[in-house]
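Novice: Just dropping this structure here.
The values are calculated or read from the model by the stated rules, or taken from the named source; none is laboratory data. Since the model is a prediction, treat every value here as computed from it, not as a measurement. Cβ coordinates were reconstructed from backbone atoms using ideal geometry, including for glycine residues, and neighbour counts include every protein chain displayed. Note: accessible area is taken over every heavy atom of the protein model, side chains too, but ligands, DNA and RNA are not part of it. Shrake-Rupley method; radii C 1.70, N 1.55, O 1.52, S 1.80 Å.
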Amino acid sequence: MAAALCAATRRLRAAGIDEPRAEARLLLRAATGLAPETLVVERERRLDPAARARFEALVARRAAREPMAYLSGEREFWSLPFHVAPGVLVPRPETETLVEAALELVQDREARLRILDLGTGSGCLLLALLHDLPNARGLGVDRSERALAIAAENARRLGLARRAFFVAGDWGRALSGSFELVVANPPYVASDELAGLAPEVAHYEPRLALDGGPDGLSAYRALLPDLVRLLAPGGVACLEIGRGQEPALRALFEAAGFAVATRPDLAGIPRCLVLRPAPP
Ligand code: GLN
C-alpha cells in the first residue's frame with residue numbers, strides 16, 4: 001500500500017491539490033474499506049487487484065478535481081455524517097452559521113415546531129435542526145429528485161425519517177400551511193462568476209444549487225412571496241447569503257415588511273439573514 005499511496009500523493013500534488021497525502025489516504029480508505037489505523041500499521045500489506053483498481057479510479061477522479069466528498073460519499077456537517085453524491089451541493093462549514101442562528105432563536109427546544117427547508121439539497125440544514133430539536137417536524141423542498149432521494153437517505157441514516165418529509169417543488173409554490181422556522185441556502189453566485197469558482201465547485205457541483213442569476217439574487221426574489229405566505233406569525237427565517245449581498249437583500253426584505261438582522265460566519269462575513277414578519 002505504501003508505494004500506491006506515494007504514487008497517488010504525487011499525482012494529486014501535480015493536479016494542484018493542497019493536501020495530497022491526506023487526501024490520498026482518505027481515498028485509500030474509501031477504496032479498501034480499511035480503518036485508518038490499519039492503513040498506518042499495515043503499510044506494507046499488498047493491495048488486492050480489485051482494491052487497487054478502485055483506488056486508481058478514485059485518484060484519477062480526484063486529480064480531475066472532482067470534490068473529495070463525492071468520492072468518499074460523505075461529508076460532516078454539524079458534527080453529523082451526511083451522505084453526498086453528485087447532484088447535491090456539498091455541505092459547507094459556513095452554512096452551520098444558519099443552524100447556530102436558528103437554534104439560538106428558538107425559545108423552547110422541546111417545542112413542536114414546524115420547520116421548512118427551501119432547496120434542501122442533501123438535507124443538511126433541516127436534518128441538523130431536527131437532530132437538535134427533538135419534537136420538531138420538518139419539510140424539505142427541492143426541484144431536484146436526485147437531491148430529494150439523497151436527503152431522504154440522510155434522514156434514514158440519521159434516524160430522523162419519522163420527523164423529516166421531502167417533496168419536489170419550486171421553492172414553496174405548491175405548499176400551504178405555516179411554519180415557525182424557515183431555512184434556506186439558495187443559489188447566490190452571480191452567473192458570470194460561476195466559471196471563476198474552484199474547479200471542484202464550477203465543474204462538478206449542481207448549477208441549480210449555485211447559480212443565482214445575473215446579480216446572484218434571483219432566488220431570493222423568487223422565494224420571497226412564499227416566505228411571506230408560509231412563515232407563521234412570530235416565526236423566523238434564516239437564509240444564507242453571499243459576501244457583499246447584505247445591503248441589497250436587506251432592502252429587498254425590508255420593502256416586503258420583514259424585520260432584518262444578520263449573523264456573521266466564522267470569517268466575519270455576514271452569512272445569515274434573519275427575517276421576522278413585521279407585526280400586523
Ligand atoms: N458558498 C457556496 C460557494 O461559493 C455557494 C453556495 C450557494 O450558492 N448557496 O461555494
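Novice: Mind listing whichever residues of segment 220-254 are within 12 Å of the ligand (Cβ to nearest atom) and open to solvent by less than 10 Å² (accessible area, probe 1.4 Å)?
Specialist: Hits for segment 220-254 are Tyr220, Leu239, Glu240, Ile241, Gly242.
Novice: Going through segment 72-91 one residue at a time, which ones are open to solvent by less than 50 Å² (accessible area, probe 1.4 Å) and either modelled with pLDDT under 95 or basic (Lys, Arg) (or both)?
Specialist: The one that is open to solvent by less than 50 Å² (accessible area, probe 1.4 Å) and either modelled with pLDDT under 95 or basic (Lys, Arg) (or both): Gly73.
Novice: Moving to a separate point now. Look through segment 16-48, keep the residues that are open to solvent by 30 Å² or more (accessible area, probe 1.4 Å) and of a type in the set (Gly, Ala, Ser), and return whichever of them is farthest from Arg61 (Cα to Cα).
Specialist: Only one residue fits best here, namely Ala35.
Novice: Turning to a different aspect of this structure: Name the residues in segment 137-149 that are surrounded by fewer than 23 Cβ atoms within 10 Å (Cβ to Cβ) and of a type in the set (A, V, I, L, M), would you?
Specialist: Leu139, Leu148, Ala149
Novice: Can you list the strands (runs of 3 or more DSSP E) lying wholly within segment 216-280 that have 3 or more residues being over 16 Å from Leu118 (Cβ atoms)?
Specialist: 258-264, 270-277
Novice: Sticking with this structure for a sec: For residues that are assigned to a loop (DSSP other than H, G, I, E, B) and of a type outside the set (A, V, I, L, M, F, W, C), tally how many sit in segment 25-41.
Specialist: Total satisfying the criteria: 1.
Novice: Can you name every one of the helices (runs of 4 or more DSSP H) wholly within segment 42-128 that holds 2 or more residues which are farther than 15 Å from Glu205 by Cα?
Specialist: Correct list: 49-63, 96-105.
Novice: Can I ask one more? Those residues that are of a type in the set (Asp, Glu) and either within 10 Å of the ligand (Cβ to nearest atom) or under 17 Å from the mean Cα position of the chain (by Cα) (or both), I need them from segment 170-209; list them, please.
Specialist: Matches in segment 170-209: Glu193, Glu200, Glu205.
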